[in-house]
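First comes the structure, then the notes that go with it.
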Amino acid sequence: MSTTDGSATATAAATAAGGEAEGGSGRDAIVRAARRAFTLRPYAEVTMRGIAAAAGVSPSLIVKRFGTKEALFNTVADFGAAADALFAAPLPELGRHLVLTMVDLRERFGGDPLLRVVFSLGIEDERTLLRARFREQVTDRLAGRLTGPDAALRAELVAGQLLGLGATLSLHRPDGAGAHAGAERLADLYAPGLQRLVDAA
């Protein structure tokens, strides 16, 4: 990423993925496992024991760090840190920064920080919470930064394109063209469309 200090970028990326930059003591693994679990199964079917097994930690460590399954779900359903990393660039550079940050977060932590809002299989209350959090923490936040007409609409379209990028990279992994293109090439091709929406051109 070209717009932030390297160490700050690493810290923001780690936090966005639900982990800690260094010495996470299993927290990042827990959050990754929980994100997968809550994405692939309804909330009622997810167990702390199953998450612990997937993360390679003890159930007691999850309880110590998060307390309850509900608290862990709320951590997974928080898009704020991912938005911090995604939007950490001036508007004239934001399109490229968005692409590079998305790719960086996926590569560092093995998952897309936004796609759980699309693929969640939870009950209606859970899906509603995810959508509401996504709108507040990602779409509305971006709309507040944009200038010019139709800021809310443009923000929704930018968010949709970011979700589309993540879905495409997931769909065609590990041997798709996107997996071999590299972040800079992806940004060359994908960022101009995002930047046009940011600029209201």
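The values are calculated or read from the model by the stated rules, or taken from the named source; none is laboratory data. Everything quoted here is computed from the prediction, not taken from an experiment. Cβ placement follows ideal geometry from the backbone for every residue including glycine, while neighbour counts extend to all protein chains displayed. Each accessible area value is taken on the protein alone, full model and side chains, heavy atoms only, with ligands, DNA and RNA left out. Shrake-Rupley method; radii C 1.70, N 1.55, O 1.52, S 1.80 Å.
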* State all residues of the stretch 91-117 that are crowded, with 17+ Cβ neighbours inside 10 Å and either modelled with pLDDT under 80 or on the phi > 0 side of the Ramachandran plot (or both); if no residue qualifies, say none. => PHE109, GLY111, ASP112, PRO113, LEU114, LEU115, ARG116, VAL117
* **Failed item, numbered, when GLY24 is tested on (1) surrounded by fewer than 19 Cβ atoms within 10 Å (Cβ to Cβ); (2) at pLDDT below 95; (3) part of a helix (DSSP H, G or I)** => (3)
* Structure fact -> Every listed condition ((1) assigned to a helix (DSSP H, G or I); (2) buried (at least 21 other Cβ atoms within 10 Å of the Cβ); (3) at pLDDT below 95) holds for THR39 save (2)
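Check PHE87, PHE66 and return the single one that is surrounded by 19 or more Cβ atoms within 10 Å (Cβ to Cβ) and free of Cβ contacts under 8 Å to residues at least 60 places away in the same chain. Even if it seems obvious, please write down each step before you answer.
Values: PHE87 fails: surrounded by 19 or more Cβ atoms within 10 Å (Cβ to Cβ).
Among PHE87, PHE66, only PHE66 is surrounded by 19 or more Cβ atoms within 10 Å (Cβ to Cβ) and free of Cβ contacts under 8 Å to residues at least 60 places away in the same chain.
Looking for whichever is among the hydroxyl-bearing types (Ser, Thr, Tyr) and within 16 Å of ALA83 (Cβ to Cβ) here; the options are THR139, THR147, THR168. Which one fits? Walk me through how you get there before you give the answer.
Details: THR147 fails: within 16 Å of ALA83 (Cβ to Cβ); THR168 fails: within 16 Å of ALA83 (Cβ to Cβ).
Only one candidate passes the filter, namely THR139.
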* **Those residues of the stretch 167-186 which are within 14 Å of GLU107 (Cβ to Cβ) and hydroxyl-bearing (Ser, Thr, Tyr), in sequence order** => SER170
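Please find, among THR75, THR15, the residue that is of a type in the set (Ser, Thr, Tyr), modelled with pLDDT under 85 and outside any loop (DSSP other than H, G, I, E, B).
Working: THR75 fails: modelled with pLDDT under 85.
Sole residue among the options that is of a type in the set (Ser, Thr, Tyr), modelled with pLDDT under 85 and outside any loop (DSSP other than H, G, I, E, B): THR15.
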* To do: Report, ordered by the first and then the second residue, all pairs with beta carbons closer than 6 Å, sequence separation of six or more or different chains, a first member in the stretch 165-179 that is at negative phi and open to solvent by 30 Å² or more (accessible area, probe 1.4 Å), and a second member that is among the aliphatic types (A, V, I, L, M) and assigned to a helix (DSSP H, G or I).
  => ARG173/ALA179
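If I filter the stretch 42-57 down to residues being among the β-branched types (Val, Ile, Thr) and under 16 Å from ALA71 (Cα atoms), which single residue comes out as surrounded by the most Cβ atoms within 10 Å (Cβ to Cβ)?
We begin by selecting, within the stretch 42-57, every residue among the β-branched types (Val, Ile, Thr); these are 46-47, 51, 57.
Going one step further and asking which of them are under 16 Å from ALA71 (Cα atoms), we end up with 46-47, 51.
Details: VAL46: 20, THR47: 13, ILE51: 25.
In this case the residue turns out to be ILE51.
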* Hits in the stretch 134-155 - residues which are open to solvent by 90 Å² or more (accessible area, probe 1.4 Å), part of a helix (DSSP H, G or I) and in contact (Cβ under 8 Å) with a residue 40 or more places away in the chain -> ARG141
